[in-house]
1. Spot the failing condition for ASP35; the list is (1) touching a Gly at 6+ places or on another chain (Cβ under 9 Å); (2) part of a helix (DSSP H, G or I); (3) surrounded by fewer than 20 Cβ atoms within 10 Å (Cβ to Cβ), and only one is missed.
2. Of the conditions (1) charged (D, E, K, R); (2) surrounded by 12 or more Cβ atoms within 10 Å (Cβ to Cβ); (3) modelled with pLDDT under 90, GLU102 fails just one. Which one is it?
3. In segment 49-94, what residues are small (Gly, Ala, Ser) and outside any helix (DSSP H, G or I)?
4. Give the residue, chosen from LEU39, LEU74, LEU59, LEU31, that is within 26 Å of THR101 (Cβ to Cβ) and either without any contact (Cβ under 8 Å) to a residue 24 or more places away in the chain or under 11 Å from the mean Cα position of the chain (by Cα) (or both).
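The values are calculated or read from the model by the stated rules, or taken from the named source; none is laboratory data. None of these values were measured; they are calculated from a predicted model. Positions of Cβ are generated from backbone atoms using ideal geometry, with glycine treated the same way; all protein chains shown enter the neighbour counts.
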Amino acid sequence: MSRLEIASFCKANRLSRSDGARVRRAIEGSLEAGDVIELDFANVRIASVSSFDEAIGPLAREHSLDEIKRAIKLARIDPAERRLLNRIVLSRAKERDVVRTENMAPR
């Protein structure tokens, strides 16, 4: 398992959308390698919902919830921010399912 200390990686304690994109690229590298990554949110506050949406939202559209749960672990994240992240992941997973259903519908 690899560990990503978000505050050090992003060189910030408040995350922006661009920080989220950097985090996503690091997660994608771990996913491609079949590795588990732990995201450590010590001393980090989410400045915008868009940072979570950029970091994990696209992954939830591409991967199943089981894959996300297996591959991404969270450490020292504020409970309110964890709930926010969960809502984003569920929302993007529903988007994925709707697109798949629409693509399967007869035309």
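1. (2)
2. (2)
3. SER64, ALA75
4. LEU59
This table checks each residue for (1) at pLDDT 95 or above; (2) among the charged types (D, E, K, R); (3) surrounded by 13 or more Cβ atoms within 10 Å (Cβ to Cβ).
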position: VAL23; (1), (2), (3): yes, no, yes
position: ASP40; (1), (2), (3): yes, yes, yes
position: VAL44; (1), (2), (3): no, no, yes
position: ARG61; (1), (2), (3): no, yes, yes
position: ARG83; (1), (2), (3): no, yes, no
